[in-house]
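Working notes, structure below.
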Amino acid sequence: MKFSILVPAYNEEQSIASCLNSITSLAFHDKEIIVIDDASTDRTTQVVERFLGKGVILVRREKNGGRAAALNSGFQTAQGDVVITTDADTVVPSDWLDRYAACFKQRGVIAAGGAYEASNKDNALAHATSILDQILNGVFKKSLVPNMLSGVNSAIRREALLDLGGFNENSWWSEDSELGWKLQKMGKVVYDAGNMVKTQYPDTWSGIWNRKFYWGYAMGLKFREHMPFRIKLWLRPVIFAILFISLLAFLVTMPLGLHICFVPGIIFFIVCCSLTIVYVPFGMIVMARDGNGISWKTSFLLAILPLVREFAYVCGMCLGFCKGRVGSIKPSWKEHINHRGTEITEKKHYV
């Protein structure tokens, strides 16, 4: 089994060397590493060129098109039986490909997803965000998440990806989720929580808000096209609607006495706890398991962060559903990329 590893990159001169060092050092020999430079304006290509002698293939795009377009450019060059995607600011573990190989030995598996954590854990906010994802992806095994694949760590059989026509370039910010849903209808998709990569996380409140808002916005666009009956897709908006309605009902009925406002107040308290403080003990368990000690600052952030992220996601979803259109918000994996005027004008295969 041969793996084709696709690494899209835009202005990643500070991080891509670490990424490629981790991938080229993997003991798994039957692999090819394809870096797609999405018209970077910094020294990304010069850094990548230092790895050409280590089996790295460089594909250059003259105009920026976003993550999905970059992946499609790399897919055109890929020769492997399985296509793996990751990001240029990500470092992979030594057994990364061995674990994926074990997944695809299972009967009927057409795709596999892995976990991820923050490489910038020195920042408390990034650390808290990472732990929250580890709770959802590791402790709960993605049972509360509608998709097992993530763009930073996933593998797909070449034939299945060809049948789907590659990566959807119109599905900005959620091409991995859409791909995962389609693949689940075609065959078996598995998840390996132990296959953990390290990647850069947003380390500011605005960065976290924008990330979740854009994901929600993209999901709102999808709901405008088609509203599938998938419980996990409706879980977030329904829970948040219950939270908002119960709070409103509590405030309105407060003048009527405790016996009236008690029920909506209890509902609000239970739902709010399920989105906030319930993650604190799980977070402490994760921190203790990692062996770095329990950070009380991180624990405090875990009591607030889930509510902020869900609020951003639902706001984005509502706006995308009501007024959304592709291009109305800069629709890219990098916030300052121009989505329009995309075309591939140059592709070079270096050996």
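The values are calculated or read from the model by the stated rules, or taken from the named source; none is laboratory data. For clarity, every value in this text was computed on a predicted model and none was experimentally measured. Methodologically, a virtual Cβ is constructed for each residue, glycine included, from the backbone with ideal geometry; neighbour enumeration extends over all protein chains shown. All accessible areas refer to the heavy atoms of the entire protein, side chains included, with ligands and DNA or RNA removed. Shrake-Rupley method; radii C 1.70, N 1.55, O 1.52, S 1.80 Å.
Quick rundown of the values:
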| read-out | value |
| --- | --- |
| Those residues of the stretch 178-219 which are touching a helix residue (DSSP H, G or I) at 6+ places or on another chain (Cβ under 8 Å) and small (Gly, Ala, Ser), in sequence order | GLY187, ALA193, GLY194, GLY216, ALA218 |
| Matching residues in the stretch 261-271 - criterion: being open to solvent by 30 Å² or more (accessible area, probe 1.4 Å) and under 23 Å from ASN137 (Cα atoms) | ILE270 |
| Extreme residue, surrounded by the most Cβ atoms within 10 Å (Cβ to Cβ), among residues of the stretch 50-75 that are closer than 26 Å to GLU178 by Cβ and out of contact with any strand residue (DSSP E or B) (no Cβ under 8 Å at 6 or more places or on another chain) | ALA68 |
| Residues of the stretch 155-203 that turn out to be among the hydroxyl-bearing types (Ser, Thr, Tyr), open to solvent by 20 Å² or more (accessible area, probe 1.4 Å) and under 19 Å from ARG99 (Cβ atoms), as a count | 1 |
| Of all residues making up the stretch 283-301, the number that are part of a helix (DSSP H, G or I) and either of a type in the set (A, V, I, L, M, F, W, C) or open to solvent by 60 Å² or more (accessible area, probe 1.4 Å) (or both) | 10 |
| Any hit, the stretch 217-225, residues being closer than 23 Å to GLU169 by Cβ and free of Cβ contacts under 8 Å to residues at least 24 places away in the same chain | yes |
| Residue under evaluation THR44, criteria (1) open to solvent by less than 10 Å² (accessible area, probe 1.4 Å); (2) in contact (Cβ under 8 Å) with a residue 60 or more places away in the chain, criterion not met | (2) |
| Selection within the stretch 245-282 - under 29 Å from the mean Cα position of the chain (by Cα) and part of a helix (DSSP H, G or I) | ILE270, VAL271, CYS272, CYS273, SER274, LEU275, TYR279, VAL280, PRO281, PHE282 |
| Residue among VAL91, VAL82 that alone is among the hydrophobic types (A, V, I, L, M, F, W, C), in contact (Cβ under 8 Å) with a residue 12 or more places away in the chain and open to solvent by 40 Å² or more (accessible area, probe 1.4 Å) | VAL91 |
| Which numbered condition PRO202 fails, given (1) out of contact with any Ser or Thr (no Cβ under 6 Å at 6 or more places or on another chain); (2) under 19 Å from ALA70 (Cβ atoms); (3) assigned to a loop (DSSP other than H, G, I, E, B); (4) not hydroxyl-bearing (Ser, Thr, Tyr) | (2) |
